[in-house]
1. What is the sum of charges, Lys and Arg at +1 and Asp and Glu at -1, for the other residues whose Cβ falls under 14 Å from the Cβ of Val345?
2. Just going by the charge dipole of the range 202-283, with Lys and Arg at +1 and Asp and Glu at -1 on Cβ, which of Leu252, Ala229, Ala211 is farthest out on the positive end?
3. Averaged per residue, what accessible surface does the range 83-224 expose to a 1.4 Å probe, in Å²?
4. Quote the Stokes-Einstein diffusion coefficient, in whole µm² s⁻¹, for the chain, based on the Kirkwood radius over alpha carbon pairs, a temperature of 10 °C and a viscosity of 1.306 mPa s.
5. Measure off 7 Å from each Cα along the Cα-to-Cβ vector at Thr364 and Glu347, then give the distance between these two points in nanometres to one decimal.
6. How large is the Rg to Rh ratio of the range 100-234 when both quantities use alpha carbon positions and Rh follows Kirkwood?
7. Tell me which chymotrypsin sites (Phe, Trp or Tyr not before Pro) from the range 1-102 have a DSSP coil assignment and no more than 16 other beta carbons within 10 Å of their own.
8. Running a GNM on the chain with Cα contacts under 10 Å, which residue among Pro125, Pro138, Pro58 ends up with the highest mean-square fluctuation?
Amino acid sequence: MGFWDQAQGAAIFKHAILRQYAPIFVNKVGRRSPANRVEILDGYAGQGWYNNGDPGSPAVFLETAELLKNSRQVHCTFIEEDPRTFAKLKEMLDQTGVPHERATILPGTMSEHLDEVLQRAEGVPLFVFVDPFGLGLPFEELVGKLMRPQARQAPTEVLVSFIRSAVYRQIGLLHPETTNLAQLRAARSKVIELDRDLGGDWWRKLEGTSADRLVSQVRDGYIDHIQEACPGLKVLQVPVADMTDYKPVYDLLFFTRHDQGRWFFNDAVSLARPVFADHCDPTGFMRPQLFTPDAEWEAEIATNLRQLLAQKGQVLFLRDMVQVYGDTLGKARGKHVKAAARKLVTEGVAEGDTKTDPHLIKLTAKRLRAVS
Ligand SMILES: C[S@@+](CC[C@H](N)C(=O)[O-])C[C@H]1O[C@@H](n2cnc3c(N)ncnc32)[C@H](O)[C@@H]1O
């Protein structure tokens, strides 16, 4: 089966996350943007729809634009390098009759077109999806043009697919098992390409105890380098597999300057999980009928909250999000943290307004009154 015949599990999860998150981003940042404009850049667009009609990322972004057309002016730019895939994308867009003001398609590489897209998006919030087959943009373009605070003033969020097998193959070229000169040269240029994309040759010193470990170390180093270059940038990473309990095919790395962006992206991931579960097990046969993990997540979050309250006396859910969720990050969402907060207030452990939106909750440890 070809890549574009039908979406595999990983793509179904990825698109479910985008379908949840894109409208939230557009709605929030478009509220105060000039003429309620929002730009979306899908820099590795693919053909838009799979051959069986399943939506690809361009189709999902266009759904968002259509959904919010009465209140937000969304414009999407789709870039695709492969000429045949580009022709298919163009044909699909023509067939669906997408209005011209809503989408621009550009043949070529994301690097080639990035400056013109950024010019168009100047002063306007921008969501960027970097979804290559291998590693994506050169580090300096990704960080220097999209992520550094001085690069863009308007809200900008970037979602990068870190394709694990492609990175592993490229790492392997550091020690090629060949004496063939042409192959050695090709390997060398791929290694230099990886230096360029990862922001240096720091990865060459890593020695993972397994392929998986090594790739995870490279991913973590990549995130660290990005965050070092962009102080204050927050990240949320989501492993994405083809089936439940399979090893991840890629890690989605979500970068934002805004606590709320990270909060609502996590909600989107949580809400996308049932779509993935239905894909993996359409009849529900493998899932126990009465089992829902909600109570377990709420209990785990309540434990995290107790610890945080003991340490700090006060928990701001948005600021302390990573510790509040702990191991349930990327699984649980706002409704679970709210339930955990209510439990603690009911038990008299903490006080705070738990009727508000989950990300606005602030809990304070309740002092035990001395018994005279
Ligand atoms: C994983 S697919 C994209 C899938 C798509 N984002 C989706 O979710 O439906 C990667 C696409 O990027 C294209 N591509 C590869 N290198 C590129 C580059 N440098 N710039 C733009 N597109 C590129 C490939 O031809 C391929 O269609």
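The values are calculated or read from the model by the stated rules, or taken from the named source; none is laboratory data. The shown structure was predicted, so the numbers you read here are calculated from the model rather than taken from an experiment. Neighbour counts run over all protein chains shown; Cβ positions are idealised from the backbone, glycine included. Just the protein is used for accessible areas: all its heavy atoms, side chains included, with ligands, DNA and RNA removed. Shrake-Rupley method; radii C 1.70, N 1.55, O 1.52, S 1.80 Å.
1. Values: positive: Arg306, Lys338, Arg342, Lys343, Lys355, Lys362, Lys366; negative: Glu298, Glu347, Glu351, Asp353.
Here the charged neighbours net out to +3.
2. Highest projection toward the positive end goes to Ala229.
3. Working: 7360 Å² over 142 residues.
Value for the range 83-224: 52 Å² per residue.
4. Details: Rh = 22.4 Å.
The diffusion coefficient I find is 71 µm²/s.
5. Each label point lies 7 Å from its Cα, and together they span 2.1 nm.
6. Values: Rg = 16.8 Å, Rh = 16.5 Å.
We get a ratio of 1.02 for the range 100-234.
7. On the way: sites: Phe3, Trp4, Phe13, Tyr21, Phe25, Tyr44, Trp49, Tyr50, Phe61, Phe78, Phe86; in loops: Phe3, Trp4, Tyr44, Tyr50.
Filter output for the range 1-102: Phe3.
8. The residue that fluctuates most here is Pro138.
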